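I have placed the structure first, in the form of structure tokens, so that the comments after it can refer back to it.
The values are calculated or read from the model by the stated rules, or taken from the named source; none is laboratory data. Just so it is clear, the structure is predicted and the values come from calculations on it, not from any experiment. Every residue, glycine as well, gets a Cβ built from its backbone with ideal geometry; the counts of neighbours run over all protein chains shown. Calculation scope for accessible area: heavy atoms of the full protein, side chains included, ligands and nucleic acids excluded. Shrake-Rupley method; radii C 1.70, N 1.55, O 1.52, S 1.80 Å.
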Amino acid sequence: MRHGEHPSGAADPAAPDGPSAGRVGTEIRVSALSKVFRGGQSETRALDLVDLEIGAGEFTAIVGPSGCGKSTLMRLIAGLLPATTGEVSIGGQDVSGPHTNLGIVFQKPILLEWRNVLKNVLLQTEMRHRNDPDLVDRARALLAVVGLAGFEDRYPHELSGGMQQRVAIVRALIHDPPLLLMDEPFGALDALTREQMRIDLEELWLASRQTVVFITHSIDEAVLLADRVVVMSPRPGRVERIVDIDLPRPRGLAARKHPRFTEPVDMITEIFLARGVLHSGRQGPKLAAT
Amino acid sequence: MTAAADTPAAWGGVRRLLVWVTGVRYILVSFIVLFVVWEIGVRVFAVPTYLLPPPSLVWLEFTERWLHVLKHTWVTAEEIVVGYVIAVVVSIPMAIAIAYSRVVERTAYPLIVFLQIVPKIAIAPLFIIWFGFGFTPKLLLVFLLSFFPIVVASIAGFKSIDEETMELARSTGAGTWMIFRKIRLPHAMPSIFTGLKVAAALSSTAAVVAEFVASDKGLGYLLLQYNGDLQTPMVFATIIVLSIVGLIVYYAVELIERLVIPWHVSQRVDGAGMGMV
Ligand SMILES: Nc1ncnc2c1ncn2[C@@H]1O[C@H](COP(=O)(O)OP(=O)(O)OP(=O)(O)O)[C@@H](O)[C@H]1O
Ligand SMILES: [Mg+2]
């Protein structure tokens with residue numbers, strides 16, 4: 001952590017039962033999950049028979065081409081969208097409405113323009129009827145971790161897109177949820193900040209071991225962060241392959257040179273090449289029809 | 001924008017004041033020019049006063065009869081304020097009901113859209129038949145003209161919230177009331193105020209038109225009287241007083257807007273915000 005302080009841990013006021021106790025009952029089971037969007041005459045099959053199991057405390061990354069249904073899968077897990085067929089359960093309980101014991105980072109920051117940075121973060125706890133004054137300190141500490149110290153009083157329109165997304169990340173962490181769903185949280189960040197946020201997120205996760213579902217376009221990022229990488233096929237989204245990552249943690253900057261980093265990266269790249277998601281330039285246009 | 005973000009809040013305030021003063025100065029200059037040209041033009045071309053009196057004469061006659069004008073101003077102001085306030089009190093809850101309930105939306109919304117198209121001013125004579133010459137028909141016309149802009153803008157405000165913001169809200173497990181208070185209401189506020197300002201501008205027109213149709217007091221009545229007697233300087237004086245009443249109502253609403261949603265107003269200030277002054 002950049003600033004030496006640690007916003008989560010045993011003395012954490014926001015943690016309900018200490019750092020590890022909240023993590024049980026967050027295992028996710030997705031079975032034969034399909035989602036079809038119907039609009040007028042058109043029909044979009046976004047997900048097709050997805051099966052997936054994510055253990056409690058596990059860090060899972062999901063990679064796949066644009067439009068393959070990653071965001072849809074996250075919404076279905078969170079209970080924000082009804083499935084067309086199939087089931088999702090969290091901690092053995094069927095998800096049939098919004099699951100609330102979690103933190104979500106959406107693909108867009110979704111900040112409230114009438115609230116400053118600090119108040120946007122605290123929206124999470126206010127909506128949960130939690131008004132512990134210590135939460136303000138925790139919010140400030142977390143904002144400092146993502147490099148937003150001194151910006152607490154700024155309004156969203158005064159921030160860059162990357163800064164807004166970092167506020168959204170803190171908002172998802174403030175109530176110390178046992179489950180984190182993150183939809184391309186670093187998508188709007190520049191390469192440097194992105195690398196730093198990646199390292200910081202791993203550090204936060206190592207300290208509190210949430211169950212994390214992390215959606216990304218970046219194969220590198222997925223491999224560097226996750227215990228397992230779920231590779232999805234082009235639309236309709238299916239689980240193409242699940243790749244276990246066996247890199248020692250913490251995976252700082254050096255991890256990129258590790259053979260256990262390059263191997264899975266090459267492997268996933270191969271999968272995308274084979275599926276026509278990627279193609280090498282020399283062989284001419286070989287883009288798969290979408 | 002960047003400069004504004006880097007300066008402390010106090011400087012922002014001073015800068016805004018300067019912008020405002022500069023704006024007001026230009027307007028003042030253009031008014032002075034207008035009055036001088038008017039005065040000189042009328043005198044040079046010897047325009048008869050019953051056609052176009054010089055501003056000096058308008059002022060002179062007004063100073064002699066201001067108390068009389070003030071008495072009628074009070075009547076009109078009361079019609080405007082009471083009608084407007086009732087419109088606000090009725091339209092905003094109605095907009096909430098339409099935004100929240102499918103049934104209310106299906107039944108009330110098409111009706112509102114239809115009634116909005118009816119030229120409300122055309123109903124004024126009917127109000128006289130129904131409610132006589134007193135306060136009620138004026139109040140009703142003010143209400144009617146103010147109601148539609150507020151209700152339509154408020155509905156738009158409550159409904160325009162994007163799906164993702166609602167998803168964020170639902171993921172916290174918050175109840176309907178909490179989501180309304182913390183998200184939907186503040187989100188709708190700028191839109192509501194747009195409606196409130198349109199309604200404020202219409203309300204003085206509504207009061208005067210109602211007084212034109214039938215009344216024995218108020219600025220509309222006074223205007224017709226002076227017009228009939230060819231007391232053109234007083235016609236001008238009354239129109240000016242009427243404009244001032246309208247401006248006061250409008251800026252009262254804008255002041256409330258500044259107090260209620262400063263976050264929205266401050267975002268406009270660098271751009272088109274001063275356009276209204
Ligand atoms: N609400 C909706 N109504 C209709 N179609 C939708 C809706 N949401 C998503 N889709 C469709 O479902 C498919 C998957 O969308 P989704 O947003 O899940 O993709 P994604 O993998 O997150 O893509 P990206 O990486 O670009 O964010 C797309 O074809 C999209 O058009
Ligand atoms: Mg997406």
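Peptide B:161-171: average number of partner chain Cβ atoms within 10 Å per residue?
Mean partner shielding for this stretch: 6.
Once you list every other residue whose beta carbon is under 13 Å from the beta carbon of B:Ile80, what net charge do they have if Lys and Arg are +1 and Asp and Glu are -1?
Its environment carries a net charge of -2.
Quick one: check the C-alpha center-to-center distance for the stretch B:112-131 versus the stretch A:107-128, whole angstrom.
Taking the Cα centre of the stretch A:107-128 as reference, the centre of the stretch B:112-131 is 45 Å away.
Which shape class, rounded, prolate or oblate, goes with the stretch B:64-215 when its Cα gyration tensor gives a ≥ b ≥ c as root eigenvalues, a/c under 1.5 marks rounded, and past that a/b bigger than b/c marks prolate?
Because a/c hits 1.5 or more and a/b exceeds b/c, the stretch B:64-215 counts as prolate.
Sorted by accessible area with a 1.4 angstrom probe, largest first, how do B:Val85, A:Val50 fall?
B:Val85, A:Val50
Under a cut-off of 20 Å between alpha-carbon atoms, report the aspartates and glutamates in cross-link reach of A:Lys257, not counting same-chain residues fewer than 8 places apart.
Leaving aside aspartates and glutamates fewer than 8 places away in the same chain, those within reach of A:Lys257 are A:Glu195, A:Asp200, A:Glu202, A:Glu203, A:Asp220, A:Glu221, A:Asp227, A:Asp244, A:Asp246, A:Asp266, A:Glu270.
Note down the accessible area of B:Phe62, probe 1.4 Å, to the nearest 10 Å².
50
Quick one: angle between helix B:9-44 and the longest Cα principal axis of chain B, in degrees between 0 and 90, rounded to 10, please.
On a 0 to 90 degree scale, this one is about 30.
Ignore the peptide's own chain and count Cβ atoms of other chains within 10 Å of each Cβ in A:105-115; give me the average, rounded.
Average per residue, whole number: 4.
Can you give the angle from 0 to 90° between the axis of helix B:102-117 and the longest principal axis of chain B, with both taken from C-alpha atoms, to the nearest 10?
Tilt relative to chain B: about 20 degrees.
State the antiparallel share, in %, of DSSP beta bridges confined to the protein assembly as shown, rounding to the nearest 5.
55
In terms of the Cα gyration tensor, with a ≥ b ≥ c the square roots of its eigenvalues, is the protein assembly as shown rounded because a/c is under 1.5, prolate because a/b exceeds b/c, or oblate?
Prolate is the answer for the protein assembly as shown, as a/c is 1.5 or above and a/b outweighs b/c.
Quick one: order A:Leu180, B:Leu202, A:Leu253, B:Leu139 from most to least accessible surface, probe 1.4 Å.
A:Leu253, B:Leu202, B:Leu139, A:Leu180
If you add up the charges near A:Val230, with Lys and Arg at +1 and Asp and Glu at -1, over every other residue whose beta carbon is less than 13 angstrom from its beta carbon, what do you get?
Local net charge: -2.
Could you order peptides A:243-250, B:142-149, B:183-190 by the average number of other Cβ atoms within 10 Å of their residues, highest first?
Peptide ranking by packing, descending: B:142-149, B:183-190, A:243-250.
Would you calculate, for chain B, the mean residue ellipticity at 222 nm contributed by helices, counting each DSSP H stretch of 4 or more residues as -39,500 (n - 2.57) and dividing by all residues, to the nearest 500?
-27500 deg cm²/dmol
Quick check: the angle from helix B:55-100's long axis to the longest principal axis of chain B, C-alpha only, nearest 10 degrees?
20
Based on alpha-carbon centroids, what's the gap between the stretch A:161-221 and the stretch B:142-208 in Å, whole number please?
34
Among the chymotrypsin sites (Phe, Trp or Tyr not before Pro) in the stretch B:103-139, which ones are in a DSSP loop with at most 15 other Cβ atoms within 10 Å of the Cβ? Mind listing them?
Counting only loop positions with at most 15 other Cβ atoms within 10 Å, the chymotrypsin sites (Phe, Trp or Tyr not before Pro) in the stretch B:103-139 are B:Phe133.
Taking square-rooted eigenvalues a ≥ b ≥ c of the alpha carbon gyration tensor, is chain B rounded, prolate or oblate, where a/c under 1.5 means rounded and, failing that, a/b exceeding b/c means prolate?
oblate
So, for the protein assembly as shown, what is the accessible surface per residue at a probe of 1.4 Å, expressed in square angstrom?
Heavy-atom accessible area per residue stands at 49 Å².
What accessible area, summed over both chains, is buried at the B-A interface (1.4 Å probe, Å², nearest 100)?
Adding both sides of the contact gives about 2300 Å².
Per residue of A:148-158, how many C-beta atoms from partner chains lie within 10 Å of its own C-beta, taken as a mean?
So the per-residue partner count for this stretch is 2.
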